[in-house]
């Protein structure tokens, strides 16, 4: 559709906010992507391979319009490895911007707002860490906060998870630093943000937008946990896909709102393990306790 057939291409930014045929994010990986409610594609950050000092993490936001086949540089910097400008938590401002991030988690909520969490990048303490900051971005041109970021939750340097009690909301709950492309999805009924795994953990978390709280919903709070398959096709609270250290390769939300995923990698003391099982996470509380079901198991450990 567009872009170069050559490798290691630099970004061409053009003028901020102006679409042009020559604009391009360049060659990059580990970016966060969304599709908004109008069918436009959004891309944030990731790594460019040809910065002056080698690969560099970015904080630029791009929008691609399939109707025009053109990219627009929307906000963020052309410079790499930047610390975020947080402003006041909960207050939208055109000066706000997340820091440079790779492998951050992303959602589109039921109202069309874009959400961004964690990722690998520079923390405000000067370290190359994974902040546990949660941001939202307004992609609606009719909104007074269009093209602006809001720092919503978390801190600027990251840290370990604070689990609390499973399925119990508490203001102190926090997933901690996350990257490595955890699986994300949105709750159809409550407009909550969900994710599974990332950073060598086997847990499921929910962020309740209405209460501004994280809730540990399922899975173990012990990093490196092995899968517990149970009986194929039978849901059980004890079932778990186990740890995924580099995320899940493929995931889908079905028409009932349940979440399915396939594969993933776990790197632990016994080596690198590649999975080929299909799992389903039951999202309907009327079916009983939140359960995980193994659908297909053809796992191979390398």
Any chance you could get the radius of gyration and Dmax over the Cα atoms of segment 138-223, in Å? 14.0, 45
Before anything else, pin down the relative contact order of the chain: Cα pairs under 8 Å, at least 6 apart, normalised by residue count, whole percent. 10 percent
Mean projected area, convex hull of alpha-carbon positions in segment 17-91, reported to one decimal in nm², is 6.1 nm²
The correct pair for the chain, radius of gyration to one decimal and Dmax as a whole number, both in Å and from Cα atoms, is 19.3, 56
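Could you tell me the calculated FRET efficiency between residue 236 and residue 191, based on Cβ-Cβ distance and R0 = 35 angstrom, to the nearest 0.05?
Numbers: r = 28 Å, r/R0 = 0.80.
About 0.80, to the nearest 0.05.
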Full-extension gain between residue 222 and residue 15, please, as 0.36 nm times their residue separation minus the C-alpha to C-alpha distance. 69.8 nm
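Every number here is computed from the coordinates shown, using simple stated rules; none is lab data. Since the model is a prediction, treat every value here as computed from it, not as a measurement. Methodologically, a virtual Cβ is constructed for each residue, glycine included, from the backbone with ideal geometry; neighbour enumeration extends over all protein chains shown.
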